[in-house]
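The values are calculated or read from the model by the stated rules, or taken from the named source; none is laboratory data. It should be emphasised that the depicted structure is a prediction, and the values quoted were computed from it without experimental measurement. A quick note on method: Cβ atoms are made from the backbone with ideal geometry, for glycine too, and the neighbour counts reach across all protein chains shown. To get the accessible areas, we keep the full protein, side chains included, count just its heavy atoms, and leave off ligands, DNA and RNA. Shrake-Rupley method; radii C 1.70, N 1.55, O 1.52, S 1.80 Å.
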Amino acid sequence: CRPRCRVQVRSLSGGDSAVVSQDSVVVNGVSAVQEKESFGSVIDVGNGQFSWSRDKQGAGDVIPEKLEPLWDDGYGTQTVKDYLDIAKEIIKPDGGPPRLFCPVSCGQPLKDSPVLLFLPGMDGLGLGLILHHKSLGSLFSEDLVKFVEKNVRLEHASSPNKPIYLVGDSLGGCLALAVAARNPTIDLIVILANPATSFGRSQLLPLLPFLEALPDELHIAVPYLLSSVMGDPVKMAMVSIERTIPPALLVDQLSGNLTALLPRLSGLADIIPKETLLWKLKLLRSAAAYANSRLHAITAEVLVLASGKDNMLPSRDEAERLSNSLQNCKICYFKDNGHTILLEDGVNLLTVIKGTCKYRRSAKRDFVMDFLPPSLSEFEEALEGNWWFRFATSPVTFSTMEDGKVVRGLAGVPNEGPVLLVGYHMLMGLELAPLVVEFLKEKNVLVRGLAHPDLFSPKAVSGSHEYTFFELMKAFGALPVTASNLFKLLSTKSHALLYPGGAREALHNKGEEYKLFWPDRPEFVRMAAKFGATIVPFGVVGEDDLAELVLDYHDIMRIPVLNDYIRKLNAEGVQLRAEMGGEIANQNFYPPGLLPKVPGRFYYLFGKPVQTKGMERLLKDRESAKEMYLHIKSEVESSMAYLIKKREEDPYRGIVERTVYRAISAPLDNVPTFKP
């Protein structure tokens, strides 16, 4: 039973392209037999006949310009099992030249997408991104080529204003760095997955004499030895399994996937024969030395994906070394993954690129025009990672209809933008994640939050370099709060989320919960009026049911050493509203001291929408704009007062009552509440 995988192949020696199938192969309208001299031989990896070509699009092809929220990125539809099956077909020796290919499963990329070149590891197959083909194929043009420098220059010549992505896996990481060093004037974004630049400190070096002396008939055991150090079989087998299924079914599927995967590992002996393995290990040594000698010349953006359980290379230490040696390098650390990080569960390369703000289609990143909405798999992953918080807070949303009636749900909030949500910023922004989730679940609408610019500075990276909640916020649409970004959001009819109180509200002092710290300037009203946006004021309560603030800014600043650190942190950060007087100018960051409580519940109330369409007078009439501004502020305060009073009537406000109800009657999202 042949695996189904369609690829378009192009030879470095010929320049021809092909769409390859089992039964018939067409190469630019000429049969594969006639083109065999150019290709060496045809790769037989699928069945059926295909007509799509990256180089020549048909007249009927539709090039998408944007993605909708919760689009299907296909992550998890292909696994390591598919990698091993397809590898058997690709590795047929033919003595031909290196090739680049683009899997047809990548589909049609978005309009003006940048190019992504994948440089493989020791396998040399170019299948290392098989888990990510569909998701990356929507956003990039994807190729593999050994002599990548020539192709990089060709791509740059054809699209000089677009970046070129180089994704290097292990050995490919050395090649990517070398190309970047030799081409400092080309706009490159280099992504390294456990790069082999640390090969000189590899745990495998003592095994090289053993591998050289190993008899050929015993080489069949080498794949099993390598598989034990290259990756985590359990994580590889988990890729296609849904986490929401019952534990018994999950164990059953995992067992089945492992049973299907392990026998295929013997195929690694065919993928990397003994002579090839020894040659590539020597190539690794020279490639690492070459790349390391040229690190000083690299000006490209570099993102290093480092595994914590890499038994082949000291990847975490190497990531730190590269970060200190390169001019523009960022680390993303995955503590539970092995060397073959791109083939393991829990690492969606597209999500990582988005969360680290590395995706752009021109010389400078545009937070609005270059944004990619979350896919369905990203949404499900976020729900799974955030389930404990949703379980503890059980958020309830209410909205106000045009006639003033309060209803449960978000029916009162317009589906079509531009919409500007304006409200209270709870302690540490705890209300943000549930709000975004509820809009996606109920309305399939993405709310884009305007956040403090410090969250996007290089200094905001956590000390552990792990993919944290802040990276997840960026992947789900958070962007720096600036007038230009709000302008772009409203001009593109987006749903924008604005907190006029900013960090002063989110990091308030003791006794200031549910108190607004808004500036006197009604600028967001004037901006909304310019685009005829609908303003929806909202209030949210529940922080006092989750934790008690025991150490505020004033308390922290009385602690020696820590107070110096806080002063330095704020002095080096972006100063917002420093020119304003009063409390709104105190936008200081600090780690609040919290005492957890038995969790209560979060309540949201979205007020009656305020229309600005046809009210252009607000642009010039400052008094009218001020009047509307004060009305919106009053609506936010009234919403919170309403919720504080009505939550006393909720029989399921406490987590104990909700847990009992869920066990008997309903899932997480269907617990009743008070009647509005």
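Observations, loosely collected:
- Rel. contact order, % - alpha carbon contacts under 8 angstrom, at least six apart, the range 506-661: 38 percent
- Fully extending the segment from V561 to N670, taken as 0.36 nm per residue of separation minus the present Cα-Cα distance, adds 34.5 nm.
- Between the range 364-385 and the range 589-633, the alpha-carbon center distance in angstrom: 25 Å
- Using a Förster distance of 56 Å, the FRET efficiency for S634-V234 (Cβ separation, nearest 0.05): 0.50
- Average accessible area per residue (Å²) across the range 448-531 - probe 1.4 Å, nucleic acids and ligands excluded: 39 Å²
- Taking a ≥ b ≥ c as the square roots of the eigenvalues of the Cα gyration tensor, an a/c ratio of 1.5 or more together with a/b no larger than b/c marks the range 351-422 as oblate.
- Alpha-carbon centroid distance for the pair the range 461-530 / the range 116-135, whole angstrom: 37 Å
- Per-pair calculated FRET efficiency, R0 = 22 Å: S362 and E149 via Cβ, rounded to 0.05: 0.45
- Full-extension gain in nm, V598 to N415, via 0.36 nm per residue minus C-alpha separation: 62.3 nm
- Seen through its C-alpha gyration tensor, with square-root eigenvalues sorted a ≥ b ≥ c, the range 384-497 comes out oblate because a/c lies at 1.5 or above while a/b is not bigger than b/c.
- Tensor-based shape of the range 302-452 (alpha-carbon gyration tensor, a/c under 1.5 rounded, otherwise prolate or oblate): prolate
- Distance from the Cα centroid of the range 388-449 to that of the range 147-207 is 43 Å (rounded to whole angstrom).
- With 0.36 nm allotted per residue and the present C-alpha distance subtracted, the L619-L383 stretch has 80.9 nm of extension available.
- Ranking V347, V302, S315 by how far each Cα lies toward the positive end of the dipole of the range 292-365 (charges on Cβ) leaves V302 at the top.
- In Å², nearest 10: area of I63 left accessible to a 1.4 Å probe: 70 Å²
- Net charge of Cβ neighbours under 12 Å - reference L619; Lys, Arg +1; Asp, Glu -1: +2
- Positive-end ranking of A411, G477, L421 along the dipole of the range 377-488, with charges on Cβ about the Cα centre, is headed by L421.
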